[in-house]
Amino acid sequence: MKNTALAFIFLSFANALNAQIIISRIEAKDITTTGFNVSWTNNQTATSYIRYGATPNLELGTIQAGNVQNPTVSISGGFPAQLYYVQAVAQVGSVIHQTDTLAFITASNSSGDIKIYFNRTVNTNFANSADNHAVQLTNAIDDTLVAYIGRAQHSIDLMIYNLDNSSSTADIAEALNQAFLNGIAVRVIYNEDTQNAGIAELNPNIPKVMSPVPQFPDGHGIMHNKILIIDAFSSNANRPIVWTGSTNFTVQQINTDPNNVIIIQDQSLAKAYTLEFEEMWGSNNLSPNLANSRFGPFKKDNTPHYFNIGGRKVECYFSPSDKVNARIIQAMNDATYDIHVNTMLITRTDIGNAMQAAHNRGVQLRVLVDSPSSTSIYSDIAFWLNWRLMNYAALPQSGTLHHKLMFVNAYGGIDPYVLTGSHNWSTSAETRNDENTLVIYDEDIVNQYLQEFMGRLGTLVSAEYFEPFAHVTVYPNPASNMIQVNLASGADVEEIRLVNSLGTVVQVINPQSGLQIINVALDNCESGVYFLQIQSAGVVHVEKFVLR
C-alpha cells in the first residue's frame with residue numbers, strides 16, 4: 001500500500017511537471033547588441049519566469065515576469081553576437097511547465113548586408129525603385145561562390161547535398177583545396193547517396209563527414225543543405241558570411257534549374273549556422289566525433305531562431321528539429337494581402353489547407369510548382385486555385401523549378417517577408433531531412449523575389465493571359481492630377497492598384513467590367529514615381545509613371 005501511494009505521488013508530480021501551460025514559441029524581440037526581450041503566451045495567468053545563462057547550465061540565475069498570461073522578460077548586459085540559453089517556466093498552483101533549454105543571440109556589429117542572386121531571368125518592371133533591381137547571375141553563381149571561398153581568412157564550413165565539380169563550372173573543389181593549403185580551417189559535411197564527384201577531388205587531409213545512410217520511413221533522411229559558412233568567429237565582425245539558398249553545386253542547378261542564392265554578412269547568423277554544423281560534425285574542432293554527431297530526426301532544437309540583422313527581423317530554422325512546416329503555415333496565416341509560392345513541390349495536405357483558408361478570407365494567391373507529378377496535392381488545390389496554380393513543367397521551359405520559397409504581402413498589407421532555403425514542402429523535409437530555412441522581413445528583399453517570380457511568369461504563361469495588356473497606355477506621363485488608363489482591348493480588369501516608389505499601395509480601384517478607359521485621380525498623392533498594377537485573368541501588369 002505504501003509503495004502504491006508513493007508511486008501515485010511520483011506520477012502526480014511527473015504529470016504536474018509535464019502539464020502544458022506555455023502554448024507558443026518562446027520568441028526574442030527588440031534584439032540589440034547587448035540584449036533582447038523574451039516573450040511567450042500561457043494558456044492562462046501563471047507565475048512566469050526564466051532561468052538563463054551564457055551556457056546551457058543556466059548559471060546566471062532567474063528573472064521574474066510576474067503572474068501574467070503573456071510574459072515578457074528582458075535580458076541585458078551582454079555583448080555583440082553573444083549566445084544565451086533560456087528555459088521558460090510557468091506555474092499554476094502545483095502545476096509547473098518548463099520548456100527545453102533554448103538558444104538566443106544578441107545582434108552583431110556586422111554590416112548586415114544581404115545579397116540575393118537568381119540564375120534565371122528577372123522582371124525588373126516590378127522593381128519598387130530604380131535602386132532595387134533583382135540580380136540575375138547568368139552561369140556565374142559558381143564563380144561567385146569561388147570568389148567568396150577565396151576571401152576566407154580563418155575558417156570555411158561547407159554542408160552540401162551535391163558537389164559534382166564538372167568541367168563546365170568553376171572549380172569549387174580546387175578553391176577549397178587552395179584555401180586549405182593557405183592555412184584556412186576547412187570542414188566539409190556531404191550527403192551519402194548523391195553523385196558527389198567534387199568531394200573525391202578535395203585534398204584528403206581536409207576533414208569530412210558523410211551523412212548516415214538514409215533509413216526510410218522513420219530513420220535518417222538526406223543531408224539536403226547547400227550552406228557555406230565563412231569566418232564565423234573572426235574578431236572582425238564584418239568578415240563572417242553565410243551562403244545558402246536552393247542551389248546545389250552542379251551544372252544543371254547553377255545554369256539551368258531556376259534557383260536562388262542568399263548571402264548574408266552577419267556574425268550572429270554565422271554562429272547559429274556553425275552550431276548546426278557542429279551538431280552534425282559532433283565536435284567544435286577540426287576532428288569530427290561521429291559518436292556525438294546527430295543528423296535528421298536525432299537532432300535537437302538547439303540554435304537561435306530570432307535575429308536582428310542590419311535592422312531587419314530575421315528568423316532561422318533547421319529541419320527536422322525546428323518545426324518548419326508550422327512556420328510555413330504561420331506565413332499563410334500571417335498574409336493579409338497576397339501570397340506568392342515558388343516551390344518545387346507541395347505534398348503536405350496541411351499546407352494546402354492553409355492556402356485554401358487564405359484564399360477563402362480574400363488573400364490573393366499565386367502558386368508556382370514544378371509539376372503535378374511532384375505535387376501530390378495538386379488536384380486537391382487546383383479546383384479552387386484555378387489560374388492561380390501554375391504548372392512549370394507543362395510549359396516549354398528548360399530545367400526543373402527548384403526554388404523552395406514563399407513571400408507574403410508583396411503588394412500590400414503589413415510586414416512583407418520572404419521564406420527561403422533548402423526545405424522542400426514535404427513530409428521527408430519536415431521529419432527526416434537536414435534542411436535550413438530563413439525568414440526575412442524586408443520590403444525590398446521581398447520585391448526582389450517578386451521580380452524573379454514575375455520573370456518566371458513572363459516566360460511560362462501562354463500568350464492568352466497577356467493579351468488583355470497588349471496595348472495598355474497610361475496618359476499623360478508625367479502626370480499632374482489624373483491619369484487615364486486606356487486598355488484598348490476589352491480586358492476584364494479585376495483591380496487596379498496605385499503603388500508608390502516605396503511599394504506602398506496608396507489607392508485601389510475596382511472598375512466596372514468591360515471598361516475600356518479608366519480614370520485614376522491623383523489629387524491626394526505626393527510627387528514622385530508610381531506604379532499601376534493592373535490585374536486581369538490572374539496576371540498583374542505594371543505601368544510606371546511620374547507624378548509632378
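Worth pointing out:
- Single match in T138, T121 (criterion: touching a helix residue (DSSP H, G or I) at 6+ places or on another chain (Cβ under 7 Å), in the same structural domain as P240 (by TED's automatic domain parsing) and farther than 19 Å from I264 by Cβ): T121
- Residue, surrounded by the fewest Cβ atoms within 10 Å (Cβ to Cβ), within segment 157-173, restricted to residues that are within 19 Å of V242 (Cα to Cα) and touching a residue at least 60 places away in the same chain (Cβ under 8 Å): N162
- Qualifying residue in segment 189-210 (condition: more than 25 Å from Q252 (Cβ to Cβ), in the same structural domain as D143 (by TED's automatic domain parsing) and basic (K, R)): no
- Those residues of segment 329-361 which are farther than 21 Å from N447 by Cα and outside any helix (DSSP H, G or I), in sequence order: L345, I346, T347, R348, R361
- Number of positions in segment 189-232 that are among the β-branched types (V, I, T) and over 18 Å from G282 (Cα atoms): 3
- Tabulated pairs, segment 294-315, first under 9 Å from L269 (Cα atoms) and free of Cβ contacts under 8 Å to residues at least 40 places away in the same chain, second in a strand (DSSP E or B) and basic (K, R), C-beta under 7 angstrom, 6+ apart or interchain: none
- Of all the numbered requirements in (1) crowded, with 20+ Cβ neighbours inside 10 Å; (2) touching a helix residue (DSSP H, G or I) at 6+ places or on another chain (Cβ under 9 Å); (3) closer than 24 Å to V341 by Cβ, D257 misses one, and that requirement is (2).
- Listed by first and then second residue, the pairs with beta-carbon distance under 6 Å, at least 6 apart or on different chains, first residue in segment 498-512 and in contact (Cβ under 8 Å) with a residue 24 or more places away in the chain, second exposed (fewer than 15 other Cβ atoms within 10 Å of the Cβ) and not in a strand (DSSP E or B), are S501/S129.
Results for (1) in a strand (DSSP E or B); (2) modelled with pLDDT of 95 or more, shown as yes or no for each residue.
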| position | (1), (2) |
| --- | --- |
| I206 | no, yes |
| F216 | no, no |
| I229 | yes, yes |
| A232 | no, yes |
| R239 | no, yes |
| T244 | yes, yes |
| I254 | no, yes |
| D257 | no, yes |
| A270 | no, yes |
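- Within segment 124-135, the only residue that satisfies the criterion of being in contact with a helix residue (DSSP H, G or I) (Cβ under 7 Å, 6 or more places away or on another chain) and among the β-branched types (V, I, T) is T124.
- Some residue of segment 46-65 being at pLDDT 95 or above and under 26 Å from the mean Cα position of the chain (by Cα): no
- Restricting attention to segment 260-288 and to residues that are among the charged types (D, E, K, R) and within 29 Å of R120 (Cβ to Cβ), the residue that is surrounded by the most Cβ atoms within 10 Å (Cβ to Cβ) turns out to be D266.
- Taking segment 137-196 as the range and being of a type in the set (D, E, K, R) and in a helix (DSSP H, G or I) as the test, the residues that pass are D142, D143, R151, E174.
- Restricting segment 174-206 to residues that are closer than 16 Å to E279 by Cβ and touching a residue at least 40 places away in the same chain (Cβ under 8 Å), the residue that is nearest to the chain's Cα centre (by Cα) is I189.
- Filter result for G245 (buried (at least 21 other Cβ atoms within 10 Å of the Cβ) and on the phi > 0 side of the Ramachandran plot): yes
- Qualifying positions in segment 500-522 - at pLDDT 80 or above, within 17 Å of P478 (Cβ to Cβ) and surrounded by 16 or more Cβ atoms within 10 Å (Cβ to Cβ): N500, V520, L522
- In this structure, A179 does not qualify as surrounded by fewer than 21 Cβ atoms within 10 Å (Cβ to Cβ) and at pLDDT 95 or above.
- Residue list for segment 79-115, restricted to those being outside any strand (DSSP E or B) and buried (at least 19 other Cβ atoms within 10 Å of the Cβ): A81, Q82, T101, T106, A107, S108, S110, G112
- Condition check for S74: among the hydroxyl-bearing types (S, T, Y) and assigned to a loop (DSSP other than H, G, I, E, B): no
- Positions within segment 245-270 being closer than 26 Å to D231 by Cβ and charged (D, E, K, R), in sequence order: D266
- Any hit, segment 152-166, residues being among the acidic types (D, E), at pLDDT 95 or above and farther than 19 Å from I264 by Cβ: no
- Scan of segment 40-80 for residues that are small (G, A, S) and within 19 Å of T303 (Cβ to Cβ), ordered by number: G53, A54, G78
- Positions within segment 290-325 being under 13 Å from the mean Cα position of the chain (by Cα) and either modelled with pLDDT under 95 or more than 27 Å from A81 (Cα to Cα) (or both), in sequence order: N325
- Check on E315, assigned to a helix (DSSP H, G or I), surrounded by 18 or more Cβ atoms within 10 Å (Cβ to Cβ) and of a type in the set (D, E): no
The values are calculated or read from the model by the stated rules, or taken from the named source; none is laboratory data. All values reported here derive from a predicted model rather than from experimental measurement. All Cβ positions, glycine included, derive from the backbone under ideal geometry; neighbour counts span all protein chains shown.
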